[in-house]
Every structure is written in structure tokens, then in C-alpha cells.
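Single-structure report; data block below.
What follows is calculated from the coordinates using simple rules that are stated; it is not laboratory data. Predicted model, so just to flag it, every value in this text is computed and none were measured. Cβ atoms come from the backbone with ideal geometry, glycine included; neighbour counts cover every protein chain shown.
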Amino acid sequence: MKKLLPFILFLGIIPIAYSQSMLLTPGHPAHQVINRWDIKGLGTGEMHTEVQPYWRQDLTKEHTHLLVNPDYLPIKRFTAGDRWDMKYIQADNRIEGIKLDSFQLPDTIQWIRGDEGMTPEYPAYYSLNKPILKYFYRSPAYLFEVDRPAFFFRVNPMLDGRLGRDSGSEDLIFNNSRGLELQGGVDNKIFFYTNILETQSYFPQYVQDRIQATNAIPGAGFYKYPTRSRIFNTENAYDYLVSEGYVGFNVTKHVGVQLGHGRNFIGNGYRSLLLSDFGANYFFLKLNWRVWKLHFQNIFAELNLESNRDSSGDQLVPKKYMATHYLSFKPFKNFSVGFFESVVFSRNNQFELQYLNPVILYRTVEQFLGSPDNVLIGINAHWNLFNRFQLYGQVMLDEFKFDRLFLDGTKWWANKYGVQAGMKYIDAFGVDHLDLQGEINLVRPYTYTHRDSSAAYTHYNQPLAHPNGANFKEALFRLQYRPFNKWSLHGRVILSQYGEDLEGENWGSNVLTPSSQDRQVDEGSVIGQGARAESLLFGLELRYQVWHNLYLELEYFYRDKVSEVPDFSQKTSYIGAGVRMNVWKRNQDY
């Protein structure tokens, strides 16, 4: 990324004059809250909710909007659960109370008044009247914080401890993560965030099989194995370290920049066929241009060409690069459509400077260079209906020829594309915080691959889009229900059909395999070709929020894979329990 330095320095010398905010971490519960408000028509309608993670300044704006704009708060749509969500967003973003003398509060939100007018909600949120030892938990969201006019700094512990037993194994399934989260800002112009998690885990067998096949832990990358875990008395633990961090600032009021390590997600579904947060963190430079009804995002990223598990010593892992842009247009408060384009390329550990142009079609650049790279394009759209439903979908095109796709019907192997369609139903059947979601995804064989393996749509041997890679179709159903403020139930069912590659045969499933290597079919390529398999995955979690972002959990997980190759069939079933604090659950759903 050294050739990015002049560009970064150029951005750094531009005057900064506007207030800043931090990004949420992927998986943060506030994403679900904001999505609910958007579907119910309670928010400003300005956020492009498919561009994730969200900015905390946007959460603050949405929260304040609900307070000062009573026209958006008909009592029939503002439920008891919505009030709890308001308190959660206020506490998590350290939003101070608004004084009553600045405006008159409507009757519909008198519940937020305090004895001395408008006061911060945190004391009532968890009945915290005094800080612990004077300095700790002055608000329920942060262990320690310093707030000054020109500077703020916040610290939080991170913990994820889980334990279960697979019915088909004598080994315990466990996770032991400990870490720290730091965030802050200077002069209300520059902000920073970092966290680090040190983890020992033992995974179900199907996850271990994937780790062995890719030499990478899904979502983490490098690992040490086997290592000893004293807590769980085993010599066969996986040990790995994960960290996220960035600095950010706004170039102007409507243009923001972040530089660091993390993940991104584009879409409204449980999955994304464009860019997902399934894989490991990567180094990126991100620009966001937000004006009028438009949100334009550029991501320039450095990726790992492969895993470094096979290296015999300390050495540099080969690099490749990604340039992505997404332009979203929101003509109406309840409708958004966006255009996505991404190119992945390798230049002997050097960035292709021509892809730094943030407002050009990458396909034209790629053709000018001689068409050596892998370009993907796509469309994402969502439509909110009746303050209850959201229809959403994606179409992704990796490579195709119009006549071969639509006219001759031969199912040519290089017609590579993916399709997603889904629906969300908020407060289903009139039940407060009963949220349902159904989604269908299908991806053709050889999609995301390239004739040059270095240009595959992957990072650290992990897909940048759907975790199943290619050559599959799936249907999923999700349920989230919060019957009481601190209790919630989370369920999911995923049905998948796919084809797997056999040794020495490329049927288009493994996105790490070059499309030209051992390809078994040219005409008549269909989803499910190769070793056909089906899987049923079911997960159910019961959570109790003890404190802000501190959860106790019970979990049941079941996965049954049936393949026409008997050795590929596998069944997993376990019951577990755990505790999480400021760490968001990452499900291994594939």
C-alpha cells in the first residue's frame, strides 16, 4: 500500500472543520435497532441502511429526531419495546439529555422526563445511581471514560466465554476470548477506535474441517494449533488473535475518511452477495460521500493472497488488492437502490494506481489495462412497506455474455452470477418486537473465481461475499423476539443445496481454485453440479441482558449434512451456555 501514501497525505492536509463520530463494530445490536426504525418509518429516512457498519453520529441523529419530531411518533407505532431501544441507543452512544427549556416535549414521550426536566437516561436504564469507586461505570455503557471539551476517551473490557458438548464427540466445544476496547476523539474532529481479542477455541468438527481445508479460521485468519488451554484442560485448542482499529475524520461536512483494519458489509440481508463481513479483517482506506439523496462509498483494501499457515518461518505473505465503490440513491424515505462495482487484482505487492480514481467505472480501467483483473458489478435495493415490511434483494454479475445467458440457453460455465431475494416483517402479527425474516440466495458455479487465482474474490483464503462460496442455493428463515426488555430469543433455520469439488475435479464450488484449472464442464453448467449435498442448519439462542452489552446465553445448535459421497456426510448437535460482554456473536452458518 506504499503507493497510497501520497493520496493519504493529500487527504490529510485538507482542512477539517466538522464534528466526527466512530463506526459501530460489525454485529453491534444497534444495527438491528436502526433497521427497525427505518422499516417502521420512525427515523429521518436519511440513512442508507445497507451501507454497514453505521456511524454513531447517525445513531445520535436518529435518536434526537425521535425526541424532537412528534409527527413521526404516533403512539400506535411507538411501542414499549421501542422505548427500551431508545434508552439503549442513548446509553450506548453517550447521548446527553436535552434540556426542556430548549423545546417543548410532546405528550407521546413524557416517559423520558426526569424530576429536573430532561435528564440523561442512563440512571434509569439500569438503576445506576452512583459510579463504582467514583470513576468506573459513570454510565452503563463504558467501564471508564474521560470527557473534556477538546477530548474524550473510553475504555471497555471484552469477554466471550462459551461452553458446550457435541453429541458426536467427547471433546468440549468452547470459546475463551478476552480483550480490551478503546475509543476516543480529539477536538471533535479526529476520532479513533481499536480493540484486541485473544482467544482459545475448540470448534465443532465441520468448522475444523473448513479450517484444515483453508488453513484459516473463519473470521480470524492466522492461528496456532494445537495449543494448551489450562481452563478447559485440553492440548488441542486453537489459539488466535484478532484486532480491529482505525482513525477517521471528515474532509468536509459531507465527506468522511477512515483508515485502518476492519470489515464492511453492503446489503440488507443476513447474507451479502456483494461484500460481507464473514471473513477476516483487512487493511482499508474508506471514503464516504453523503449529500442530498446519495451515499457514495469507496473502499481501497490490501488483502492476503493466501494463508500464512504453511510458511516455514517469518516471511511476508503475498498481497493482492481490492478497489470497491457503491453508489446508493434514496429517492424516497422508504426506497433505496444502489450500484456496486469491485475489482480484485495482484501487482506483485503493488497497488494499481489507476484504480484510485473514485468516480470511474472500474471495468473501463480494467479493459484499458488489458483485462487482467476480476471485476464484479451488482445492484442492491430495498423497499419498506406499510411500516411493517421490507422487501430487499441483490443481483451480482461476475462475468457473462448476453447472448449466451439469455438467447442460446446452453448454461455456459462463464455466465457467473448470484441472486438474493428477501423480506423482513417487523412486529409480526402485531406482537411487539417479534421480527421475522426470510431470504433466498443462489450463486452459479465458478462465480467469484478467475483464471488467475490471485484475482479470486477472497481474502486470507476466505470468501469476501457468501461463506458458501459458489455453486449453491439456500433458503433461510430467522426469528428474533424480545418478550421482555432484557430477554430475547434468536432462531434461524438454513436449508442449503450445493455441489462440492472432488479431488482433481473443479465443479465451480471452491472459489480458491482458478476457473481454468481442471474445469469439468463448459456447457450445461448448473447449480449443484459435482458431489451433490444438502444441509439443514438450526440454531436457537436465549439471551438475558444482565447489564448494558453484557449477556448470559443458552444455545442449541444442529447441523445435518447429507452428501452423495458418504465420507462427506456429517452431523453436529450441541447444547451450550456462555457469557458475552461487548463482543458480538459470529455464527458459523455454512
(request) Multiply the residue separation of Leu385 and Glu503 by 0.36 nm, subtract the distance between their alpha-carbon atoms, and state the gained length in nm to one decimal. (result) 37.7 nm
(request) Take Glu534, project a point 7 Å from its Cα along the Cβ direction, then tell me which residues of segment 544-584 have their backbone nitrogen under 20 Å from it. (result) 558-573
(request) Treat each spin label as a single point 7 Å out from the Cα along the C-beta direction, and report the Phe339 to Glu198 distance in nm. (result) 4.9
(message) So for segment 479-590, averaging the separation of alpha carbon pairs under 8 Å that are six or more residues apart and normalising by length, what relative contact order in percent results?
(response) 23
(message) With an 8 Å Cα cut-off and a minimum separation of 6 or more residues, compute the relative contact order for segment 543-590 in percent.
(response) 37
(message) Please list 3J(HN,Hα) in residue order for segment 507-515, calculated via the Karplus relation 6.51 cos²θ - 1.76 cosθ + 1.60 where θ = phi - 60°; whole Hz, with x for glycine and proline.
(response) 9, x, 8, 7, 6, 7, 8, x, 5
(request) Tell me which residues come under 5 Å, amide H to amide H, from Ala465 once H is placed; ignore anything under 5 positions away on its chain. (result) Ser276
(request) Read phi for every residue in segment 245-259 and hand back ³J(HN,Hα) as whole Hz from Karplus 6.51 cos²θ - 1.76 cosθ + 1.60, θ = phi - 60°, with x for Gly and Pro. (result) x, 7, 10, x, 7, 9, 6, 9, 4, 10, 10, x, 9, 10, 9
(message) In whole Hz and in residue order, list the ³J(HN,Hα) couplings for segment 390-395 that follow from phi through the Karplus curve 6.51 cos²θ - 1.76 cosθ + 1.60, θ = phi - 60°; x for Gly and Pro.
(response) 9, 9, 8, x, 9, 10
(message) Compute, for segment 533-590, the length of the dipole vector about the Cα centre, with Cβ point charges of +1 (Lys, Arg) and -1 (Asp, Glu) only. Units Debye, rounded to 20.
(response) 300
